[in-house]
Structures are given as structure tokens and as C-alpha cells.
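Novice: A single structure is presented below for examination.
The values are calculated or read from the model by the stated rules, or taken from the named source; none is laboratory data. Predicted model, so just to flag it, every value in this text is computed and none were measured. Glycine also receives a Cβ, built like all others from the backbone with ideal geometry; neighbour counts cover every protein chain displayed. Remember, those area values only see protein heavy atoms, side chains included, never the ligands or the DNA or RNA. Shrake-Rupley method; radii C 1.70, N 1.55, O 1.52, S 1.80 Å.
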There are 2 protein chains.
Amino acid sequence: MSIITFVGAGQMASALAFPATENGHEVRLVGTHLDRDIINSAELTGFHPTLKRQLPKEGLKYYQLEDVELALDGTNAVLCGVSSFGVDWFCDQILPLIPDTVPVLSVTKGMIDQEDGTMITYPDYFISKLPSGKKLSINAIGGPCTSYELADKDHSAVAFCGTDMEILRRFKKLFATDYYHISLSTDVVGVECAVALKNAYALGVSLAVGLALGPDGTGSEHYNSQAALFGQSVKEMTQLLTLVGGGDENIIYGAGDLYVTIFGGRTRKIGTLLGRGWSFEKAMTELEGVTLESIVIATRTARCVRRLAERGVVKLKDFPLLIHVDDIINNGASVAIPWAAFETEKY
Amino acid sequence: MSIITFVGAGQMASALAFPATENGHEVRLVGTHLDRDIINSAELTGFHPTLKRQLPKEGLKYYQLEDVELALDGTNAVLCGVSSFGVDWFCDQILPLIPDTVPVLSVTKGMIDQEDGTMITYPDYFISKLPSGKKLSINAIGGPCTSYELADKDHSAVAFCGTDMEILRRFKKLFATDYYHISLSTDVVGVECAVALKNAYALGVSLAVGLALGPDGTGSEHYNSQAALFGQSVKEMTQLLTLVGGGDENIIYGAGDLYVTIFGGRTRKIGTLLGRGWSFEKAMTELEGVTLESIVIATRTARCVRRLAERGVVKLKDFPLLIHVDDIINNGASVAIPWAAFETEKY
């Protein structure tokens with residue numbers, strides 16, 4: 001039996017409590033300042049109000065943020081369950097509290113662009129934020145997995161990535177069940193880039209959903225146009241993978257994750273609204289209060305590609321869908337899929 | 001204005017009459033022996049009974065098979081619109097009638113396995129069947145495009161492939177419209193392999209739909225498991241692309257086509273029924289009379305991979321999803337997704 005401290009009690013972290021407790025481990029679920037109501041509810045009734053599920057009855061202990069040091073006492077591993085918006089907080093407030101011998105696994109997917117146009121993974125970003133002299137093993141989860149279905153014990157396949165295969169194997173042992181299938185990879189940049197990019201491109205593919213539904217939303221969904229944008233997404237994502245130095249075989253995580261992201265949730269919703277002709281501002285108002293990683297990732301990735309294009313490293317014309325999505329989000333452009341820019345002649 | 005003779009009046013060929021006639025060309029639609037009722041109906045009322053659409057009023061002429069030579073007289077290009085089951089008939093009966101100067105574009109997607117375990121594309125197969133001394137330019141269409149949506153002038157992006165870029169550009173000029181977007185590629189084996197394989201793998205992904213619906217069909221659809229099978233499909237398809245010598249960038253056609261195939265039609269239906277626990281025989285009975293290219297392609301590809309594995313060229317364990325689909329179709333296996341076989345350790 002191991003003790004795993006989850007910092008952040010959002011949907012994904014809380015869903016991971018199912019396989020971890022099922023494997024007989026003790027999970028200490030610590031809410032951030034945003035999760036106070038979740039912890040209160042779960043402690044009182046076992047019900048997680050945003051995951052909308054009863055959490056496991058056995059093996060789960062609840063902590064408010066002020067008790068995080070208690071929750072970290074004697075722990076064997078830490079799960080970082082904050083969204084990309086909470087990463088800096090986690091780095092500043094939590095990382096210094098974790099003993100060097102305790103490895104960290106992060107559910108935060110994504111990459112951050114730097115001034116020079118390069119992007120780094122969250123594990124690398126975490127490491128760059130460690131207090132001087134501190135060493136921690138930071139690992140991350142990538143791949144297609146919605147929290148609801150994980151909590152319902154549906155089959156999900158993900159990748160755990162990090163630099164040390166032995167530590168990855170330990171994490172796999174903590175979480176692997178007959179429904180939660182885990183591959184391991186030391187190609188951190190490849191896995192993280194692939195799964196981060198799918199957010200941006202899921203928004204791109206969803207534009208076709210909105211275009212088919214039409215301005216009044218009464219049209220019927222079409223698939224040829226979605227498939228075309230899906231193919232273009234896979235193409236641009238593969239190029240971006242190469243650009244960041246990740247193995248392009250990681251497109252399997254990106255493509256699977258893109259597939260699942262298009263079906264559900266907030267990214268599809270905003271892409272659909274934009275495709276129906278709503279302005280970005282109006283669409284964002286409709287989704288008020290909702291964390292939109294797709295917007296963050298698309299903006300960051302496009303900013304990175306534009307900088308690299310200025311330096312002559314890449315050509316903007318090789319990323320027409322990404323640039324169009326960025327123009328819609330950040331430059332007030334209307335949706336006008338650049339179909340001709342997708343056409344190629346290949347010898 | 002060019003004359004284009006379409007041999008085969010099925011749904012996809014007939015849908016291509018929309019962009020071709022819209023571009024001002026004369027389309028001569030020739031029914032095979034299977035299309036007699038279609039030609040009769042279209043000639044009488046303009047209605048295509050299986051495409052379920054009114055065909056274009058202008059520029060379209062109808063021919064029964066016995067008038068094929070008349071339809072070929074003075075034509076500038078031929079579209080081969082038969083399914084994979086009609087290819088041998090087309091090679092034997094129609095190819096000898098086509099003048100060497102008239103290029104052929106085939107809608108038949110797929111590859112055929114040969115005795116030695118290698119697979120060849122339909123264009124290469126067509127060429128191998130030409131009468132001695134005869135030379136024809138055989139080209140093919142790949143990529144995600146359902147006939148209904150093409151007929152409805154929704155945006156679709158496809159690839160035309162062949163060995164001569166100039167001829168491909170001529171075909172593009174005949175068919176390209178502001179909704180039918182055409183890339184060109186001389187990597188015939190890459191394009192054709194990618195789009196053929198998606199049939200087999202769409203059946204594989206659809207198993208997850210059936211598993212979620214459950215034996216009585218009342219469960220709700222889940223996406224994590226579909227996404228996992230989607231990712232595994234992209235991985236195996238990319239490996240198979242490399243195996244046949246096609247550029248792995250063609251996975252963009254395969255992935256886009258896989259995406260659209262999972263949503264609709266017969267392949268999803270049989271995959272779903274199999275996933276719900278139906279035997280292959282019972283599922284096939286339910287789909288009586290329906291052409292199932294997915295079954296043909298999965299069987300051929302698996303046979304090819306098994307032969308290559310016997311010769312030590314590939315390892316069966318690198319294609320667990322394909323082999324499982326083949327075992328279900330051809331060896332009486334029940335659905336039991338080999339999840340553990342999908343897990344990898346990547347350094």
C-alpha cells in the first residue's frame with residue numbers, strides 16, 4: 001500500500017482516485033482554494049459536485065488547502081491535479097513542500113511558449129521553477145481520457161511520460177487497472193506536445209460542426225468537412241511535433257485525443273459557436289467562467305509558430321489551420337476555412 | 001468543355017457528376033449490370049435511388065452497359081466507379097475499350113494482397129491486367145469523402161494519386177470546385193494504402209461503440225475507449241504504410257478517412273454489432289446484401305501481415321488490433337480487445 005497525495009481536486013485528479021484506491025492505495029485529496037466546495041461536499045456525502053459521481057468510499061481522505069503539509073506527510077507520491085491556470089501557483093506554493101525523494105505526476109497537459117519562440121513542456125517548466133538546489137522527479141500524463149468515463153471505469157489508454165523509466169513503472173503500478181491502460185515514454189516533449197496540440201486543433205475541427213449547423217443552429221452535422229479538418233490537423237500536429245523535437249510516433253496520442261476532444265465539452269462548444277458565425281467575444285461570453293485550455297494552447301502555439309516564422313525557421317503557410325484559429329481567437333477574424341491552403345502537390 | 005465517361009453509376013461515381021457538370025463538362029454515366037435500375041430511374045426522373053438525390057439536370061447523359069462503347073466514343077477521360085468487387089470485371093471488360101490516350105481515374109479504394117504477402121494498389125493491379133502492349137494512365141481518388149455530402153456540395157478534401165503529375169493536374173481541373181478540394185500525389189502506394197486501411201480499422205474502432213452499447217444495445221456511447229482504439233489504429237496504419245513503402249505523411253488521409261468512416265454507414269454498423277457480442281455470421285446476416293469493403297480489406301491486410309510474419313519480416317504483436325479484427329471475422333473469435341498488447345515502453 002502506498003500513500004498518494006493529490007493536490008487539486010478537480011475532475012481529472014478526482015477521477016484518478018478510482019484506479020488508485022482500487023489498487024489498495026491511500027489517496028489524500030487536497031483541494032486548492034478553488035476546490036473548497038468540492039472538498040466540503042465530498043467529505044460530507046462522498047459526492048463530487050463537478051465530476052458528478054460518488055467518489056470511492058474506501059481509501060480516500062479529504063483535506064482543505066491549509067492542511068496540505070499534513071497531507072504530504074509520509075506520502076510516497078504526489079499527483080498534481082491543477083489545470084494549466086494553476087501551474088504557477090503549484091510551482092510556487094506546493095513544489096517546495098515536496099521531499100526530493102517523492103516523485104510527482106502531473107495531469108496538466110500542455111506546453112508553454114517562451115520569448116524566443118520555443119515551447120517547453122509542463123514537466124520542464126515545473127523543473128525550471130524548482131527552488132535552487134531542489135531536485136524532484138516530475139512526470140506527466142498524456143493521452144485521451146475524459147474524467148467522467150475514467151470514473152465510470154470505462155477503458156482508457158494513456159501515456160505516462162518522464163525522464164526515468166523506473167519511476168514511470170512505479171507510477172504505472174500505482175494506477176494501472178483492467179480499465180486504465182498505461183504506456184510509458186521517456187519522450188516527454190513528444191507526448192506532451194501531441195496531447196497539448198489536440199486542444200487547439202479540436203477547436204479547429206469543431207468549426208466545421210458549426211459551419212454545418214449554420215447561423216441559426218438548425219443545419220445537420222456533416223462529416224466530410226470535419227474529416228478534412230481532422231486530416232489537416234494531424235498533418236500540422238505532426239509538423240509541430242517534429243519542430244519541438246518530439247518523436248512523430250506520438251501523433252497516436254494526439255490523434256486519439258483529438259478524436260475524443262471533438263466529441264465533447266467546451267472546446268467543441270466554442271468551435272461550434274465560432275463556426276456558426278458568432279464572434280469570439282460573444283462565444284466566450286456564452287461560456288463564461290469556463291476554463292478553456294484550447295484557447296490558451298492555440299494562442300501559445302500560434303505565437304510560437306509566428307515567432308519562428310519571423311526567424312525563418314518555419315513557414316506560416318505550413319500551418320494554415322492553426323493560424324486561422326489564432327486569427328479568429330486573437331485578431332477578430334471571421335471563420336473562413338482556408339481550404340485552398342490545405343491542397344498540396346506531393347512528388 | 002471535356003467529355004468524361006463514368007463507368008459504374010453507384011453512389012460515389014454519381015456524386016462526382018456534381019462537380020464535373022458544374023465545371024461545364026459532359027458526364028456520360030454508364031451503369032454496370034448492377035446499375036440497370038439506377039440508370040432507368042435517373043433517365044426517367046433524374047432521381048438516383050441509392051444516392052437518394054436528384055442528379056444534375058445539365059451535362060449528364062445516361063447509358064446502359066450495352067452502350068458503353070458509344071459512351072466511350074470521343075471521351076477525354078474515364079472515371080472507374082465500380083466497387084472493389086467489380087474491379088476484375090472492369091479490367092476484363094472495360095479497360096481494353098479505352099484508348100491509350102484517355103486517362104482513367106478510379107474511385108475504388110483499396111489494396112490487394114498477393115501470394116507472397118505483399119500488397120499492391122488498385123492502379124497497379126489495373127495496370128497488371130492491361131492487355132499486352134496496351135498503355136493506360138491509371139489514377140485513383142483517396143481521402144475522406146462520403147457520396148451524400150459531396151452531392152450536397154459540402155466541403156470535402158481528397159487526394160488524386162497517379163504516376164504523372166501533369167495528368168493529375170488535368171483531372172484536378174475537371175473536378176475541383178469551391179467545395180471539392182483536391183491534393184495531388186505521385187505516392188500512389190502511400191495514398192491508397194492509407195485510405196484502404198481505414199476501412200479495416202474503422203471496424204476495429206467501432207467495436208468500442210458496440211462494447212459501450214452492450215449486448216442489449218441500451219448502453220450509452222463512450223469515447224475514451226474509442227479514442228484508445230483510434231490511436232492504436234493510427235499507430236498500426238502508420239506501420240503498415242511504412243511496410244508497403246508509402247510515405248507515412250499519408251496517414252493524414254488515413255486518419256481523416258478513419259474519422260469519417262467511424263461515424264456512418266455499414267462499417268460502423270457491423271463493428272457495433274460485433275462489439276455488442278453478435279457473432280460475425282449473425283452480424284453479416286443482419287447486413288445481408290451489403291457490400292462490406294472493410295471485411296475484404298481487414299481480411300486481406302491481416303493475411304498479408306500473417307504471411308510477412310511467417311517470413312520474419314514483421315512481428316504479429318505489432319498489429320494486435322488488426323489481428324484481433326481478423327480473428328473475429330475469419331476465426332470465430334469473440335470480441336476481447338487486447339488492451340495490454342497496446343501498452344508500450346518507449347525510450
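Novice: So, restricting to helices (runs of 4 or more DSSP H) that lie completely within segment A:117-208, which ones have at least 1 residues that are within 14 Å of chain B (Cβ to nearest Cβ) and among the basic types (Lys, Arg)?
Specialist: So the answer is A:165-175.
Novice: Of the residues in segment B:111-127, how many are among the charged types (D, E, K, R) and closer than 10 Å to B:Arg300 by Cβ?
Specialist: 1
Novice: Pick from A:Ser14, A:Ser83: which is over 23 Å from A:Lys135 (Cβ atoms) and at pLDDT below 95?
Specialist: Selected residue: A:Ser83, the only one of A:Ser14, A:Ser83 that is over 23 Å from A:Lys135 (Cβ atoms) and at pLDDT below 95.
Novice: Does segment B:34-52 hold any residues that are touching a helix residue (DSSP H, G or I) at 6+ places or on another chain (Cβ under 6 Å) and either in contact (Cβ under 8 Å) with a residue 24 or more places away in the chain or assigned to a strand (DSSP E or B) (or both), and which are they?
Specialist: B:Phe47, B:His48, B:Thr50, B:Leu51, listed by residue number.
Novice: Inside segment B:1-31, can you point out the residues that are within 17 Å of B:Leu65 (Cβ to Cβ), open to solvent by 10 Å² or more (accessible area, probe 1.4 Å) and in a loop (DSSP other than H, G, I, E, B)?
Specialist: B:Gly10, the sole residue that qualifies.
Novice: Residues being facing another protein chain (nearest Cβ under 8 Å), surrounded by fewer than 24 Cβ atoms within 10 Å (Cβ to Cβ) and part of a helix (DSSP H, G or I): count how many of those fall in segment B:212-233.
Specialist: Total meeting the criteria: 1.
Novice: Give me the residue from segment B:138-189 that is touching a strand residue (DSSP E or B) at 6+ places or on another chain (Cβ under 9 Å) and of a type in the set (Asp, Glu) and, out of that set, most open to solvent (accessible area, probe 1.4 Å).
Specialist: So the residue we want is B:Asp152.
Novice: If you don't mind, another one. What pairs come up if the first residue lies in segment A:276-290 and is on the phi > 0 side of the Ramachandran plot, the second is open to solvent by less than 90 Å² (accessible area, probe 1.4 Å) and at pLDDT 90 or above, and their beta carbons are under 8 Å apart, counting only those six or more places apart or on different chains?
Specialist: What qualifies is A:Gly277/A:Gly210; A:Gly277/A:Val335.
Novice: Moving to a separate point now. Restricting attention to segment B:265-282, report how many residues are surrounded by fewer than 22 Cβ atoms within 10 Å (Cβ to Cβ) and away from chain A (no Cβ under 14 Å).
Specialist: The number of residues fulfilling the criteria is 9.
Novice: Being closer than 30 Å to A:Met12 by Cα, of a type in the set (Val, Ile, Thr) and either within 14 Å of chain B (Cβ to nearest Cβ) or surrounded by fewer than 22 Cβ atoms within 10 Å (Cβ to Cβ) (or both): is that true of A:Val325 here?
Specialist: no
Novice: Right, another one. Take the residues in segment B:59-94 that are of a type in the set (A, V, I, L, M, F, W, C), closer than 21 Å to B:Ile141 by Cα and in a helix (DSSP H, G or I); name whichever of them is most open to solvent (accessible area, probe 1.4 Å).
Specialist: Of everything passing the filter in segment B:59-94, B:Phe85 is most open to solvent (accessible area, probe 1.4 Å).
Novice: A further question follows. Name the single residue, out of those in segment B:236-264 being at the interface with chain A (Cβ under 7 Å from one of its Cβ atoms) and surrounded by 24 or more Cβ atoms within 10 Å (Cβ to Cβ), that is nearest to the chain's Cα centre (by Cα).
Specialist: Among residues in segment B:236-264 that are at the interface with chain A (Cβ under 7 Å from one of its Cβ atoms) and surrounded by 24 or more Cβ atoms within 10 Å (Cβ to Cβ), the one nearest to the chain's Cα centre (by Cα) is B:Asp257.
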